[in-house]
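See below for the structure under consideration.
The values are calculated or read from the model by the stated rules, or taken from the named source; none is laboratory data. Quantities reported herein were computed from a predicted structural model and do not represent experimental measurements. Positions of Cβ are generated from backbone atoms using ideal geometry, with glycine treated the same way; all protein chains shown enter the neighbour counts.
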Amino acid sequence: MEQALNKRERLGSVDGMRGIAALAVVLFHLGGALREPLAEILPDWVMIALSYGYLGVPIFFVISGLVISRNIKEGIDKRYAGMFILRRSLRLDPTYWAAIIIAISTTLAKSFLFDQPVNLPSVSGVLLHFVYLQDIFTVEPSISVVYWTLCLEVQFYLFFLLSKWACEKISTFLSRPAAFMHGSIILLVACWSLAIDVKVIEFPWPGIFVRYWHYFYLGVLVSCCISRAPWARTIFTIWCVILIASQIAITPLAYILAALLSAIGFYSLWKLGLSNQVLVSKPLQFLGMISYSLYLIHPDIGWKFISLNKAVLGENLTPWMALLIFLLAIMVSLFSALILYRVVERPSLSITNALRTKSPRILLQEWRTGSQDLKGAAG
């Protein structure tokens, strides 16, 4: 039975899958740092599962498309666009900036403790990281191996919002439905994106979102199905067939298969009325809650925890010692992510949610007068 969902209602299965995707990336990175000794003690199927943890990334992209599409209203005007960008900025930036500061600090500490050269970009490169432009300007070295996805996410949001806004403006002059125009544009870009991804055509500009757009687009289609948009299910079905055909006839990509399975999974759970019954256990919801902080901070806490132990104990770790360090690195990453969530992410979420009903000016006045309205659980 299909669920009747309003746009403000959270999908528990999406939050749970977000947590699984984040943990998968963590296990991929931390397990990769100890691959050889772990392979001596863990079953082959576990090592294979760890090696595919990077597939949490395309699942993140699908989830972003689903969530952002559900959160953007019809009838966009300048004020709404500005407020949406402000809310997204407050949602992403504080935690991301804190993670950058932590990454730089741990890198400097590692350099000082072990007398190693500092492997950080220039001041201008660091500043470009703060505004999500490091990949577009090909900054080397990157501060963290995970930040590239944030650069793409921000571009996804802006393109989806601004293209929808432009279509609504243009539709008044052309007497064409804005939804049809916008749907056509994002579909064409998705076709272009897929052709680039399976290497049918080349794309010469690094750091631009186009290659990965079709993953985000899958999530948008699931959102349209959930909101019962006209032709959404037909387009979703056809697009899934196109993706499957591309895997058979051109180039099989694990990224595409992971995204496709997650999108079909989200759609199926909604269709069966199980969106808030599957993947909603407390551990998965906890992982979903801290997933953003965990994703950002684990390379600079978990990875460096492993590096520290290797420096102290030597590179040739016994299998059991490697397993212990691996498990401790996971625990340290989770604990650090929880602290980052509580100290930075949750307060910024509270402000973001408050901005749905109050203007920035009112919130600022309340803050100055000691209002308690911003306190409470972030949703």
*Would you mind finding the one in Pro37, Pro94 that is within 22 Å of Ala22 (Cα to Cα), outside any loop (DSSP other than H, G, I, E, B) and of a type outside the set (Val, Ile, Thr)?*
Pro94
_Answer from Ile351, Ile330 - the residue that is touching a residue at least 12 places away in the same chain (Cβ under 8 Å) and closer than 17 Å to His29 by Cβ_ = Ile330
*Residue count for the range 227-253, restricted to those that are at pLDDT below 95, within 19 Å of Ser275 (Cα to Cα) and not charged (D, E, K, R)*: 2
*asked:* With under 21 Å from Tyr147 (Cβ atoms), within 19 Å of the chain's Cα centre (by Cα) and surrounded by fewer than 20 Cβ atoms within 10 Å (Cβ to Cβ) as the only criterion, which of Val332, Val344 stands out?
replied: Val344
*Which members of the range 302-329 meet the condition of being surrounded by fewer than 17 Cβ atoms within 10 Å (Cβ to Cβ), at pLDDT 95 or above and either of a type in the set (D, E, K, R) or under 21 Å from the mean Cα position of the chain (by Cα) (or both)?*
none
*Of all residues in the range 147-167, how many are farther than 16 Å from Tyr215 by Cβ and surrounded by 18 or more Cβ atoms within 10 Å (Cβ to Cβ)?*
5
*Among what's in the range 90-99 and is touching a Leu at 6+ places or on another chain (Cβ under 9 Å) and not small (Gly, Ala, Ser), pick the residue that is surrounded by the most Cβ atoms within 10 Å (Cβ to Cβ).*
Thr95
_For the range 191-220, give me the residue count where each residue is farther than 18 Å from Ile68 by Cβ, aromatic (Phe, Trp, Tyr) and not in a loop (DSSP other than H, G, I, E, B)._
1
*From (1) surrounded by 14 or more Cβ atoms within 10 Å (Cβ to Cβ); (2) among the charged types (D, E, K, R); (3) closer than 27 Å to Arg228 by Cα, pick out the condition that doesn't hold for Lys110.*
(3)
*Residue selected from the range 219-265 under the condition touching a residue at least 60 places away in the same chain (Cβ under 8 Å) and farther than 27 Å from Ala24 by Cα, by the criterion surrounded by the fewest Cβ atoms within 10 Å (Cβ to Cβ)*: Ser227
_Taking the criterion of being farther than 23 Å from Ser350 by Cβ and not in a helix (DSSP H, G or I), would at least one residue in the range 97-110 satisfy it?_
no
*Of residues in the range 172-190 being in a loop (DSSP other than H, G, I, E, B) and either touching a residue at least 40 places away in the same chain (Cβ under 8 Å) or not basic (Lys, Arg) (or both), the one surrounded by the most Cβ atoms within 10 Å (Cβ to Cβ)*: Pro177
*Selection count, the range 65-88, where residues are outside any helix (DSSP H, G or I) and farther than 28 Å from Tyr267 by Cβ*: 1
*Only residues in the range 194-209 that are without any contact (Cβ under 8 Å) to a residue 24 or more places away in the chain count as the first member; pair them with residues that are surrounded by fewer than 17 Cβ atoms within 10 Å (Cβ to Cβ) and assigned to a loop (DSSP other than H, G, I, E, B), Cβ under 7 angstrom, at least 6 apart or cross-chain, and list the lot.*
Ala195/Ile201; Ile196/Phe203
